[in-house]
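Inspection log for the structure reproduced underneath, given as structure tokens.
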Amino acid sequence: MNATALLVLLMESRTRVQRYFAVMCYQRSLGLCFVLALFAGACKKEDEPKAPSVVIVSPTNGTDVSVPDTLQVVVEVNGEDPVDQVTFTLTNADGIPVGASVSVVPATDPARIEVGIPLTSDLLVGGEHILTVKALSGEAQGKDQRNVDLISAPLRLRRVIVISTPQPDQVSIHVIDSLGAVSLANTLVMDLGGAVVCSARQVFALMGIGQGPLMVLAPDGQHVGWQKPNEGSAGIPWFTSLDRGSDERMYVGTTDGYLRGYNASTGVPEYVSEISDGFRTQRVLRQSHRVLQAQANGLGTQYRMVISQASSGAFITEQLLDKQVVEMFARDDSHVLIFGNRNGQGVVEDRNTDVGGGWEPRIWASAITAVEGIDANTFLVALTNGTLERFTYTNAGSVLTGSPGSITDLAFEPVSGTVYAGAGNEVLRIDPRAAPTISSYPIGVPVRYVLPLLNR
């Protein structure tokens, strides 16, 4: 065999080999496609069941409902398969249900269902709410929604809770009912460091100092919702401050170096921030996205304001103060009115909480014992000389409105527009504009705190 013939033979062999592998690859591709097709067919889902139809016939969008009342709902449902259950839920703007959901099992398919959702709680807040009706048929679900405008129940005064101290280690709780009758609700063995009311949660709170607990009670003054023990020892105070924030938390300062914000209903701690070393919290104010602490050192000779994040408790900044703080009121998101005492005089400061500093619209010759805001511009100020003055922010003016004597607490009641004052052994009801005493309620023991409880 010559070289040319050998070369031709080799090329033909190579061609046959290439054809063989090409055929094999093609067959394998066909086999793979066949397997994939079988797999895809095996994995194909069955047709999902069709969701049942839900149509809210009544109410229409924007319907007004006043509390107390019953929201009447008419809905039509039907499905290819029987409808197992229809659920009616009313939620607020935050998606939180108001009241219990109502569930109905349809008797027919299709069905026309009529239900009434009771709206009787005074705590319901007005505004736009969403009515959602869901129909379940096996795993399939259909729904329809309507917007409903809820009108709150009229604001009213339920009672005035009066906290008194017959003796240093005893606390009495009196109640002034809506008709003005005074009754003793409870007597507790504890000291007293503070008291606040939370109408939105229908509770009020007391705290001791060195021996009394932090205690949250129902409006009757007898049933305890929750409490925190006093961990003080050797005569060292444990609780140093108690304030209700605009977020309805109970903010409590303790000498272990922490400020805690408790859920008013459950007592669960929802906020924690640190207190400066050597200082104690005296007053707390929730201002927009921040929490302000007015602090004093153990000797009461140095004062400061500590500002923390309301969401996390993280420290933002601190500002030096030259006064002992009696009360604070947020003027806007970056300014706060601080009422306090310095060198035996009462003073109000308009402080910028963003950058510090400010100005003092007014100084009184006597120290302040209590302050209450009537509106964003008007405040009643009780002084140690027994007088009561009405301070107006816009013109920095202060007008003498009366001399009721030593006042330990002031509380504005927005339903009647009057102010309740703790004065000696009685509670006074005062007109804040002219400040004459409208009525008085004898308690018989020294009044420390006056807490109007509203229906929400």
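The values are calculated or read from the model by the stated rules, or taken from the named source; none is laboratory data. Computed from a predicted model, the values in this text were never measured in an experiment. When we count neighbours, we look across all protein chains shown, and the Cβ atoms used for this are built from the backbone with ideal geometry, even at glycine. What goes into the accessible areas is simple: the full protein's heavy atoms, side chains included, and nothing from ligands, DNA or RNA. Shrake-Rupley method; radii C 1.70, N 1.55, O 1.52, S 1.80 Å.
For residues in region 211-237 being in contact with a Ser or Thr (Cβ under 8 Å, 6 or more places away or on another chain) and open to solvent by less than 30 Å² (accessible area, probe 1.4 Å), which is farthest from His174 (Cα to Cα)? If we take residues in region 211-237 being in contact with a Ser or Thr (Cβ under 8 Å, 6 or more places away or on another chain) and open to solvent by less than 30 Å² (accessible area, probe 1.4 Å), then Gly232 is farthest from His174 (Cα to Cα).
Residues of region 293-300 include at least one that is open to solvent by less than 40 Å² (accessible area, probe 1.4 Å), in a strand (DSSP E or B) and modelled with pLDDT under 95.
In region 122-159, what residues are part of a strand (DSSP E or B), open to solvent by 70 Å² or more (accessible area, probe 1.4 Å) and not basic (Lys, Arg)? Passing the criteria: Glu128, Gln141, Gln145, Ile151.
How many of the residues making up region 359-407 are in a loop (DSSP other than H, G, I, E, B) and aromatic (Phe, Trp, Tyr)? First the steps, then the outcome.
Taking region 359-407 and keeping what is in a loop (DSSP other than H, G, I, E, B), we get 365-367, 374-377, 384-387, 393-396, 403-406.
Among the residues that remain, those that are also aromatic (Phe, Trp, Tyr) are: 393.
Total satisfying the criteria: 1.
Kindly check whether there is at least one residue in region 337-344 that is within 20 Å of Gly245 (Cβ to Cβ) and loosely packed, with under 14 Cβ neighbours inside 10 Å. The answer is no, given that none of the residues of region 337-344 is within 20 Å of Gly245 (Cβ to Cβ) and loosely packed, with under 14 Cβ neighbours inside 10 Å.
Wholly within region 414-456, which strands (runs of 3 or more DSSP E) include no fewer than the required count, namely at least 3 residues that are closer than 19 Å to Thr187 by Cβ, open to solvent by 20 Å² or more (accessible area, probe 1.4 Å) and in contact with a helix residue (DSSP H, G or I) (Cβ under 7 Å, 6 or more places away or on another chain)? So that I can check it myself, show each step before the final result.
Values: elements: 418-423, 426-430, 437-442, 447-454.
Because the criterion is at least 3 residues that are closer than 19 Å to Thr187 by Cβ, open to solvent by 20 Å² or more (accessible area, probe 1.4 Å) and in contact with a helix residue (DSSP H, G or I) (Cβ under 7 Å, 6 or more places away or on another chain), no strands (runs of 3 or more DSSP E) in region 414-456 meet it.
Among residues of region 94-109 that are open to solvent by less than 50 Å² (accessible area, probe 1.4 Å), those with a beta-carbon under 6 Å from a residue that is assigned to a loop (DSSP other than H, G, I, E, B) and not basic (Lys, Arg) at least six positions away or on a different chain give the pairs Val98/Asn92; Val98/Leu124; Pro106/Val83. Taken as a whole, the condition of being open to solvent by 30 Å² or more (accessible area, probe 1.4 Å), assigned to a strand (DSSP E or B), without any contact (Cβ under 8 Å) to a residue 60 or more places away in the chain and not hydrophobic (A, V, I, L, M, F, W, C) does not apply to Arg351.
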